[in-house]
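Visitor: After the structure tokens below, expect a handful of questions from me.
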């Protein structure tokens, strides 16, 4: 991946609706060459898809929370069942299997506190193998996920 590929990826992360012609113009390439580069990045799986960034408040999600979970056993069947259950809950925006004090960190979006309570007690609590869960309300968002840093790699490192 060269500097042009990194500029393409950076632009698409920030402005996913940038046209091929605009990308080509910004990188001094012919549109056909730009299209080839973008297709190669897609084919290699560097670009995994495109999506719109939505405003949760305008969709009725007024509460965000992080839920830390510990499982009672760490056996493959229990882990697989838990992970499949979490994946089936649409309000779970992200789920990370982590090291440290907790086994999982989940990012939830809820309409309100009652909805969050239902999610924590009845949806997450109903998943088999949950030993302990702790919920943290998000008071404000300092920085949203807007993609990866794509500055050129330093060969001296």
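The values are calculated or read from the model by the stated rules, or taken from the named source; none is laboratory data. Remember, predicted model here, so these are calculated numbers, not experimental data. Neighbour counts are summed over all protein chains in view; Cβ atoms, including those assigned to glycine, are modelled from backbone coordinates with ideal geometry.
Visitor: What is the number of the single condition among (1) at pLDDT 95 or above; (2) outside any strand (DSSP E or B) that residue 69 does not meet?
Guide: (2)
Visitor: Next question. Looking at this structure, is residue 29 over 30 Å from residue 98 (Cβ atoms) and touching a helix residue (DSSP H, G or I) at 6+ places or on another chain (Cβ under 8 Å)?
Guide: Working: over 30 Å from residue 98 (Cβ atoms): yes; touching a helix residue (DSSP H, G or I) at 6+ places or on another chain (Cβ under 8 Å): yes.
Considered against the rule, which asks whether it is over 30 Å from residue 98 (Cβ atoms) and touching a helix residue (DSSP H, G or I) at 6+ places or on another chain (Cβ under 8 Å), residue 29 comes out as yes.
Visitor: For the structure I just gave you, tell me whether residue 8 is outside any loop (DSSP other than H, G, I, E, B) and closer than 30 Å to residue 119 by Cβ.
Guide: No; evaluated as a whole, the condition is false for this residue.
Visitor: Can you name the number of the only condition in (1) closer than 25 Å to residue 108 by Cα; (2) outside the structural domain of residue 106 (by TED's automatic domain parsing); (3) exposed (fewer than 11 other Cβ atoms within 10 Å of the Cβ) that residue 28 fails?
Guide: All conditions pass for residue 28, except number (1).
Visitor: How about segment 79-90: which of its residues are surrounded by 12 or more Cβ atoms within 10 Å (Cβ to Cβ) and not in a helix (DSSP H, G or I)?
Guide: The one that is surrounded by 12 or more Cβ atoms within 10 Å (Cβ to Cβ) and not in a helix (DSSP H, G or I): 89.
Visitor: What's the number of the only condition in (1) touching a strand residue (DSSP E or B) at 6+ places or on another chain (Cβ under 6 Å); (2) surrounded by fewer than 17 Cβ atoms within 10 Å (Cβ to Cβ); (3) touching a residue at least 24 places away in the same chain (Cβ under 8 Å); (4) within 27 Å of residue 13 (Cβ to Cβ) that residue 108 fails to meet?
Guide: Residue 108 satisfies every listed condition except (2).
Visitor: What is the one condition in (1) in contact with a helix residue (DSSP H, G or I) (Cβ under 9 Å, 6 or more places away or on another chain); (2) modelled with pLDDT under 95; (3) surrounded by 12 or more Cβ atoms within 10 Å (Cβ to Cβ) that residue 50 does not satisfy?
Guide: Here residue 50 clears every test but (3).
Visitor: Separate question: Looking at (1) within 22 Å of the chain's Cα centre (by Cα); (2) surrounded by fewer than 14 Cβ atoms within 10 Å (Cβ to Cβ); (3) assigned to a loop (DSSP other than H, G, I, E, B), which one does residue 42 not meet, given that it meets all the others?
Guide: The number of the failed condition is (3).
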